[in-house]
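Following: one structure in structure tokens, then a few remarks.
The values are calculated or read from the model by the stated rules, or taken from the named source; none is laboratory data. Please read all numbers here as calculations on a predicted model, not as lab measurements. Neighbour counts run over all protein chains shown; Cβ positions are idealised from the backbone, glycine included.
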Amino acid sequence: MYLRKQLFFAVLIATQLACVAKQRNVVLITLDTTRADHIGCYGYQYDTSPRIDQLAEEGVRFDFAIAQSSETPISCASQLTGTYPYRHKLRAMHGFSMTSLDDSVPTLAEVFSSHEYVTAAFISAFPASSRYGLERGFAIFDESFLRQHPPSIHEDGTVATGRSQRSADETTSAVLEWLQADPGAPFFLWVHLFDPHDTHLLPPARYLEKRMEGRQVEDQHDYLRAVYDAEISYADMHVGIIIDELDRLGLRESTVLAVTSDHGEGLGDHNWWKHSLLYQEQIRVPLILQGPGIPAGQVITPVVEHVDLMPTLLQLAKIDHSTPVGVQGQSLTGLLSGDVTLDRRTTAYSEVHSFFTLSESPGKRDIGVIYSIIQDRWKLLHFPRRPEYDKLFDLHKDPGELHNLLDQNREIAERLLGELVRREAIDIQLPDPEEVTEEDLELLRSLGYVE
Ligand SMILES: [Zn+2]
């Protein structure tokens, strides 16, 4: 009896040790406002992202990854819950009642927490803050800069936007300090870097000058694109600093890394400079996975979505049995193993409910509510309040979305519209923007959302 009991405990301890040994850290790095096609390994003409490119060589690059929204909080909520906005209910950035994550939707951080993971997030801007409920499940949610003083100007001319955003070096310093203090393992770490978002906060002048060297800058537009690329490089450098620290601490072998962005940016395409629309330049995002269990140097071409991150990361951490009911994403690990027989969806969904950004154009407020559905080669942009603006593109023949083929392909458009209806995604009853608090307004103004 005694021996059997001993044996029982020996097996129990061995099992527990095996579990501990198998547990993996997960690090999700989200670069704000970063278009896939401005990243080196996605074919960009300039060398903007050496560290992300290197990570892609060591891991897997998803060539056709779609964000669920082109506005930060909504996109981040889909990454962190594995659900589409019409399920997680955080659908607007400002001025609506739909501005917080639904309490009943489980978050990735909550699942990791329930598995004894140490959880921490270091964010860099108000749109990724607890204002939107994105902190749920994180034991540490570092947004201390939001309580700082109003914007001020550094000696080198860069602006500290203080309460609305902080630069990658500040965020990364906080991350490194946390890692060096040995948070315990396993951990789930979310790092959000904001630099490419706007020109309110620029990299240090010397860095910027160096990155702009050799760039043909003939007008203000060239200048803005060059600055944008320099900001991506600056964020990329900080991705590298975090990776190097994981290496130095001996954590790389046991850490799954995911690098993506929350959405892209117009940069003048379709005559639009910002995000908040749903053309490919706004919703096609970089997505790279690297770490234990992930093959090196693969490029995956079928369409994938941000909602797929949660089940994928849980599976790579080997706790996929706890993927919550209601998660709408599909794990990408089957694609990693090259299983082409997988019954994967071929549809991608995105939405945006925005009035402020587009209110600069008088009489165009109605086009701030947009839905996008991509199915195989086809993409429908649907404007429920102004259906005459609807557009259909053939992404294979026309990746730049320049030729609206809706009139010639009514049946296809109807099929895609039917997909939106089937999902019960369209909210035509959306009220006009409600009162916005003066504090929210001040923060959004400092980020360029409100004039
Ligand atoms: Zn964003």
- Candidate set from the range 107-123 (those that are buried (at least 21 other Cβ atoms within 10 Å of the Cβ) and not in a strand (DSSP E or B)); member that is nearest to the ligand (Cβ to nearest atom): 123
- Message: Any residue in the range 59-85 that is under 19 Å from residue 196 (Cα atoms) and without any contact (Cβ under 8 Å) to a residue 60 or more places away in the chain sitting within a Cβ distance under 9 Å of a residue that is away from the ligand (no atom under 12 Å from the Cβ) and assigned to a loop (DSSP other than H, G, I, E, B)? List the pairs, counting only those 6 or more apart or interchain.
- Response: none
- Return the only residue of 217, 259 being out of contact with any Leu (no Cβ under 7 Å at 6 or more places or on another chain) and either buried (at least 19 other Cβ atoms within 10 Å of the Cβ) or assigned to a loop (DSSP other than H, G, I, E, B) (or both). 217
- Query: Considering 80, 31, which residue is touching a Phe, Trp or Tyr at 6+ places or on another chain (Cβ under 9 Å), farther than 20 Å from residue 279 by Cα, within 16 Å of the ligand (Cβ to nearest atom) and hydrophobic (A, V, I, L, M, F, W, C)?
  - Reply: 80
- Item | Flag if residue 126 is at pLDDT below 95, assigned by TED's automatic domain parsing to the domain that holds residue 179 and either more than 16 Å from the ligand (Cβ to nearest atom) or surrounded by fewer than 24 Cβ atoms within 10 Å (Cβ to Cβ) (or both) | no
- Within the range 175-198, the count of residues that are over 20 Å from the mean Cα position of the chain (by Cα) and either over 21 Å from residue 137 (Cβ atoms) or at pLDDT 95 or above (or both) comes to 8
- Message: Can you name every one of the strands (runs of 3 or more DSSP E) wholly within the range 328-400 that holds 1 or more residues which are buried (at least 23 other Cβ atoms within 10 Å of the Cβ), among the β-branched types (Val, Ile, Thr) and modelled with pLDDT of 90 or more?
- Response: 347-353, 369-375
- Within the range 35-73, track down each residue that is out of contact with any Pro (no Cβ under 6 Å at 6 or more places or on another chain), part of a helix (DSSP H, G or I) and within 16 Å of the ligand (Cβ to nearest atom). 38
- Query: Is it fair to say residue 240 is assigned to a loop (DSSP other than H, G, I, E, B), modelled with pLDDT of 95 or more, over 18 Å from residue 198 (Cα atoms) and more than 16 Å from the ligand (Cβ to nearest atom)?
  - Reply: no
- Here the qualifying pairs (Cβ atoms under 6 Å; residues six or more apart or on different chains; first in the range 252-269 and over 26 Å from residue 219 (Cβ atoms) and away from the ligand (no atom under 14 Å from the Cβ); second in a loop (DSSP other than H, G, I, E, B) and not charged (D, E, K, R)) come out as 255/291; 256/291; 257/291
- Message: Could you list, ordered by first residue, the pairs with Cβ atoms under 8 Å in which the first is in the range 270-296 and in a helix (DSSP H, G or I) and the second is of a type in the set (Phe, Trp, Tyr), at least 6 apart or interchain?
- Response: 270/279
- Item | Whichever residue in the range 192-205 is in contact with a helix residue (DSSP H, G or I) (Cβ under 7 Å, 6 or more places away or on another chain) and within 14 Å of the ligand (Cβ to nearest atom) and, among such residues, is farthest from residue 29 (Cα to Cα) | 200
- Note on the structure: The residue from 131, 87 that alone is basic (Lys, Arg) and under 15 Å from residue 326 (Cα atoms) is 87
- Query: Does the range 271-281 include one or more residues that are basic (Lys, Arg), crowded, with 16+ Cβ neighbours inside 10 Å and more than 16 Å from the ligand (Cβ to nearest atom)?
  - Reply: no
- For the range 297-319, what are the residues that are within 20 Å of residue 88 (Cβ to Cβ) and assigned to a helix (DSSP H, G or I)? 306, 307, 308, 309, 310, 311, 312, 313, 314
- Do we find a residue being part of a helix (DSSP H, G or I) and buried (at least 18 other Cβ atoms within 10 Å of the Cβ) anywhere in the range 23-34? no
